[in-house]
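The values are calculated or read from the model by the stated rules, or taken from the named source; none is laboratory data. Being a predicted model, the structure only gives us computed values, none of them experimental. We place every Cβ from the backbone using ideal geometry, glycine too, and count neighbours over all the protein chains shown.
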Amino acid sequence: MNDDEISVVYLTMQDLISNRINENIDLYNYNITGANGFTHKIVDYNATTKTATIRMMATGGQDLNNKEINLSISSFLTGSNKFGKFDANVNLAEVSSDVNTIHLNMLQIPGGGGDNFDNLKEKRIVDILKPDETNIKLPNISFAYISNIGFIDDKLHVQVKWTKKETEKANIDDHGTFLLISDKKTIYPTNIEFGIDEDGNSKYGNGYSEYIFDVNKQMVSCYSLVAENFATNSNYIEGNWQVSFSVKAVNSSKKVDCDINIDGIKIKSVCLSPLGITLFIEGKKADDTDIEVTVPSIKNRNQNFSKFFDSNHNNQHIIKCVPIEPFDIENIDVIYVNGFPVNLFNELILSSVEVIGLLFKLTLEILTGKVI
């Protein structure tokens with residue numbers, strides 16, 4: 001199913017001959033034709049039938065309306081061990097600016113991300129920390145450690161070595177990131193993936209990650225270095241699974257204007273569809289602000305929403321919050337945004353049959369002078 005922002009697909013995967021699928025299954029290489037911005041989450045696992053139910057989501061939902069698409073999966077991971085946020089136990093006030101560096105060719109790396117990544121690519125050659133100058137262990141993490149940390153050009157660099165990514169039995173998707181967190185602000189890094197040859201020079205590979213924060217030595221003591229989303233896996237399984245089907249649009253939605261201000265974030269309208277709640281925002285982007293949407297319980301079931309994306313579209317910020325499964329919006333007359341009520345009772349976008357019914361009722365009222 002799709003609405004104006006996203007497409008949602010639910011699929012089940014069942015192992016008929018072995019025990020290769022469990023509650024930690026994580027799709028690795030997969031594709032939905034015509035869609036982009038994929039993400040997925042396991043929403044149910046039946047241990048008796050060895051069946052996992054997975055929700056897949058993609059942006060650009062309106063472009064897939066009534067189209068025949070193909071979903072393909074060529075590999076997945078199981079045996080994942082995931083870690084939430086935890087303090088990296090690094091005293092940032094003691095981090096030095098006197099560090100050894102090496103050159104990295106940005107055209108010879110597998111990838112990276114973050115707000116400053118494109119600027120680094122334009123430079124082509126950048127300085128990074130010399131690998132393995134330190135060995136700072138991360139709490140409860142055995143598959144990675146901080147291999148160097150320091151300031152380069154007034155920016156904090158934190159380098160991680162992934163100990164099993166370039167071994168004979170490589171852990172394909174070991175990953176994680178860092179944040180700088182203070183009482184008032186969270187700073188996200190730009191990250192670079194790279195490898196190191198036997199002589200200590202950079203090469204193509206993913207055995208190391210370098211996280212670069214736009215914060216200098218004078219500012220950094222106000223922050224804590226926090227690790228987030230670290231995960232490792234034990235099984236990498238390849239195959240060729242695919243299915244084709246047609247994507248159907250949602251048949252109704254509720255949209256209403258509003259005026260909610262949350263720490264400078266101005267929510268001007270809200271749209272509710274069976275696939276989730278969309279917030280249309282003016283002003284600053286909502287990256288660092290917690291925004292929680294809720295609806296009254298439906299048949300004694302609470303709906304929990306998570307943020308799928310926060311993007312800029314036609315000079316307007318859009319936040320899409322999604323539930324675990326599609327839900328019936330017909331009897332939902334109000335939603336809450338950080339506790340602020342938004343009334344939707346008169347904003348249902350009606351079907352053509354309902355519109356004809358209302359026009360017929362209005363005509364009778366006019367002809368008879370009676371209210372029906």
Requested in this report: Look at Phe245 and say whether it is at pLDDT below 80 and not assigned by TED's automatic domain parsing to the domain that holds Leu92.
Outcome: no
Query - Pairs, first within 9 Å of Tyr208 (Cα to Cα) and touching a residue at least 40 places away in the same chain (Cβ under 8 Å) in region 142-167, second part of a strand (DSSP E or B) and acidic (Asp, Glu), C-beta under 8 Å, six or more apart - result: Gln159/Glu210; Val160/Glu210
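One line per residue, one yes/no per condition, for (1) surrounded by 12 or more Cβ atoms within 10 Å (Cβ to Cβ); (2) in a strand (DSSP E or B); (3) outside the structural domain of Glu23 (by TED's automatic domain parsing):
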{"position": "Ile42", "(1), (2), (3)": "yes, yes, no"}
{"position": "Asn66", "(1), (2), (3)": "no, no, no"}
{"position": "Ser74", "(1), (2), (3)": "yes, yes, no"}
{"position": "Asn89", "(1), (2), (3)": "yes, no, yes"}
{"position": "Gly112", "(1), (2), (3)": "yes, yes, yes"}
{"position": "Val126", "(1), (2), (3)": "yes, yes, yes"}
Report task. Within region 248-278, count every residue that is buried (at least 21 other Cβ atoms within 10 Å of the Cβ), modelled with pLDDT of 90 or more and more than 24 Å from the chain's Cα centre (by Cα). Result -> 0
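From Ala88, Ala58, Ala52, Ala93, which residue is out of contact with any strand residue (DSSP E or B) (no Cβ under 8 Å at 6 or more places or on another chain) and at negative phi?
On the way: Ala88 fails: out of contact with any strand residue (DSSP E or B) (no Cβ under 8 Å at 6 or more places or on another chain); Ala58 fails: out of contact with any strand residue (DSSP E or B) (no Cβ under 8 Å at 6 or more places or on another chain); Ala52 fails: out of contact with any strand residue (DSSP E or B) (no Cβ under 8 Å at 6 or more places or on another chain).
Just a single option satisfies the conditions, and that option is Ala93.
Does Asn22 satisfy the criteria of being crowded, with 16+ Cβ neighbours inside 10 Å, polar (S, T, N, Q) and more than 21 Å from Cys321 (Cβ to Cβ)? Talk me through it step by step, then tell me what you get.
On the way: crowded, with 16+ Cβ neighbours inside 10 Å: yes; polar (S, T, N, Q): yes; more than 21 Å from Cys321 (Cβ to Cβ): yes.
Yes.
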Report task. Examine region 49-61 for a residue that is of a type in the set (Ser, Thr, Tyr), outside the structural domain of Thr134 (by TED's automatic domain parsing) and more than 28 Å from Glu5 (Cβ to Cβ), and state whether such a residue exists. Result -> yes
**Report entry** Candidate set: region 91-110, residues that are part of a strand (DSSP E or B) and among the hydrophobic types (A, V, I, L, M, F, W, C); chosen: the one surrounded by the most Cβ atoms within 10 Å (Cβ to Cβ)
**Finding:** Leu104
Query raised in the report: Which of (1) in a loop (DSSP other than H, G, I, E, B); (2) touching a residue at least 12 places away in the same chain (Cβ under 8 Å) is the odd one out, the single condition Thr48 does not satisfy?
Result: (2)
Report summary line: The correct count of residues that are at pLDDT 95 or above and among the basic types (Lys, Arg) in region 121-136 is 1
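Say whether the condition of being part of a strand (DSSP E or B), more than 22 Å from the chain's Cα centre (by Cα) and either assigned by TED's automatic domain parsing to the domain that holds Asp98 or of a type outside the set (Phe, Trp, Tyr) (or both) is met by at least one residue in region 219-227.
Applying the first criterion (part of a strand (DSSP E or B)) to region 219-227 yields 224-227.
Next cut, more than 22 Å from the chain's Cα centre (by Cα) only: 224.
After this cut, where a residue has to be either assigned by TED's automatic domain parsing to the domain that holds Asp98 or of a type outside the set (Phe, Trp, Tyr) (or both) as well, the list is 224.
Yes, region 219-227 contains a residue that is part of a strand (DSSP E or B), more than 22 Å from the chain's Cα centre (by Cα) and either assigned by TED's automatic domain parsing to the domain that holds Asp98 or of a type outside the set (Phe, Trp, Tyr) (or both).
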